[in-house]
Amino acid sequence: FFLMIRRPPRSTLFPYTTLFRSALVDRLEPGRLIVIVNLLRAAAIGGLAASAMAGAAHLAALYGALFILGAGATVSDTAVLSLPPLLVGPEDLVRANAGLQAVQLIGTDLAGPPLGAYLFVLAAGLPFAFDAATFVAGAALIASIRQRRGTADQPPDRTSLRQEITEGIRWLAAHPGLRILAAAICVMNIMLGSTLAILVLYVRVRLGLGAEGYGVLLACSAAGGVIGTVIVKRLLARFGASLLLRVGLIIECATHVSLALTRRPWVAALTLAVFGVHNGVWNVVTVTLRQTAVPEHLLGRVNSVYYTFAMGGFALGSLAGGLLARQFGLTAPFWVAAAAVAVVAMLAWRLFTPGHLTTEAAAASDSLAGRST
């Protein structure tokens with residue numbers, strides 16, 4: 001479910017390894033890296049499919065395949081975020097990012113689960129074989145793309161990977177708008193993770209729904225996300241990124257309050273649909289801001305630092321949610337989340353301005369250059 005909600009890298013147990021891989025993304029051509037990683041993941045999941053069809057599948061093979069899939073995702077997801085600026089001009093980034101997210105929502109969250117279940121009924125190894133085929137197809141499609149690389153942002157001479165990782169951290173730390181955005185997403189994901197940890201119990205006990213109702217709620221959120229990607233370009237043109245981020249914080253807080261108060265399934269469904277719209281808009285806006293503000297040769301590392309904050313928030317929240325619900329009741333995580341997001345909104349409100357979010361990128365680069373010298 002949290003893949004649908006905020007989409008951090010899917011298997012990042014050690015944040016530094018993610019930063020290390022992101023430095024490789026900045027060193028190597030993102031498209032080529034995605035092709036290599038996809039082929040490795042196809043081989044891993046294809047081997048699992050073969051063993052399942054032969055009736056020789058073991059947990060060790062499953063764990064190994066999942067490790068390769070997760071490790072590859074940390075590289076591929078970062079490379080994907082670095083790819084749009086190499087393919088389209090700045091004026092088309094919003095449309096490109098919105099399209100990417102819409103396809104991901106439709107494929108992963110709406111079409112994928114029922115298709116996987118149907119294929120599993122036909123044969124236990126069939127979903128894995130289909131997954132392997134999609135990785136191969138994805139690699140072929142990426143390999144067919146011709147990139148357009150700008151000449152204004154040439155990378156500096158290469159240093160050690162550790163120095164390059166530090167460079168990305170320093171750049172983000174020197175940019176007030178993106179720095180507060182990274183801190184905000186960390187807190188928001190801690191709170192979101194705490195509510196997701198008890199979501200199944202919430203749906204069953206408080207809303208009185210079974211497995212079908214739970215699936216419908218998830219579909220409502222995914223459908224809302226698709227709507228958000230469709231309307232985000234028009235919203236940005238009319239209201240600007242600053243207002244959309246501020247309204248997004250209000251919606252995030254209101255979502256937790258609404259879910260804490262209601263016992264009606266239709267209210268929860270509507271709440272999650274609205275949250276999905278906000279989430280679709282938020283993701284496209286923040287990704288585009290980073291792609292616009294961050295120098296091209298630093299984009300992989302800065303994205304990785306940002307997502308390390310996001311992923312770490314989910315991990316901490318998942319641990320906290322069950323403890324809160326056990327000690328203070330099933331709605332406690334939602335109330336705590338609402339209060340925390342409200343505090344984040346108050347602290348971030350004055351920094352979510354056009355100046356802080358975009359125009360200070362040059363100052364951040366100058367600050368980084370000063371530190372490097």
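Between the alpha-carbon centres of the range 238-291 and the range 55-76 there is a gap of 33 Å.
Once both labels are positioned 7 Å from their Cα atoms along Cα-to-Cβ, the gap between LYS233 and ALA117 label points is 3.4 nm. Once all protein chains are placed together, SER318 keeps about 50 Å² accessible to a 1.4 angstrom probe. Rounded, prolate or oblate, given the Cα gyration tensor of the range 166-237, with a/c below 1.5 counting as rounded? It comes out oblate by the Cα gyration axes.
The modelled label-to-label distance between ARG350 and THR134, using points 7 Å beyond Cα along the C-beta direction, is 4.6 nm. Rolling a 1.4 Å probe over the heavy atoms of the protein chains gives the range 268-348 an accessible area of 34 Å² per residue.
Rounded if a/c is under 1.5, else prolate if a/b beats b/c, else oblate: with a ≥ b ≥ c from the C-alpha gyration tensor eigenvalues square-rooted, which is the range 37-148? Because a/c hits 1.5 or more and a/b exceeds b/c, the range 37-148 counts as prolate.
Rolling a 1.4 Å probe over the protein heavy atoms gives the range 28-88 an accessible area of 44 Å² per residue. Across all directions, the average flat footprint of the convex hull enclosing the Cα atoms of the range 236-311 is 6.1 nm².
Label separation (PHE67 vs ARG326): 2.9 nm, computed from points 7 Å beyond Cα along the C-beta direction. Using the Cβ-Cβ distance between ALA60 and SER144 with R0 set to 35 Å, the FRET efficiency works out to roughly 0.45.
For trypsin sites (Lys or Arg not before Pro), the sites in the range 76-148 that DSSP calls loop and that have at most 16 other Cβ atoms within 10 Å are ARG146, ARG148.
The values are calculated or read from the model by the stated rules, or taken from the named source; none is laboratory data. None of the values given here were measured: they were computed from a predicted structure. Here Cβ is always computed from backbone atoms with ideal geometry, including for glycine, and neighbour counts include all displayed protein chains. These accessible areas exclude ligands, DNA and RNA; they are computed on the full protein's heavy atoms, side chains included. Shrake-Rupley method; radii C 1.70, N 1.55, O 1.52, S 1.80 Å.
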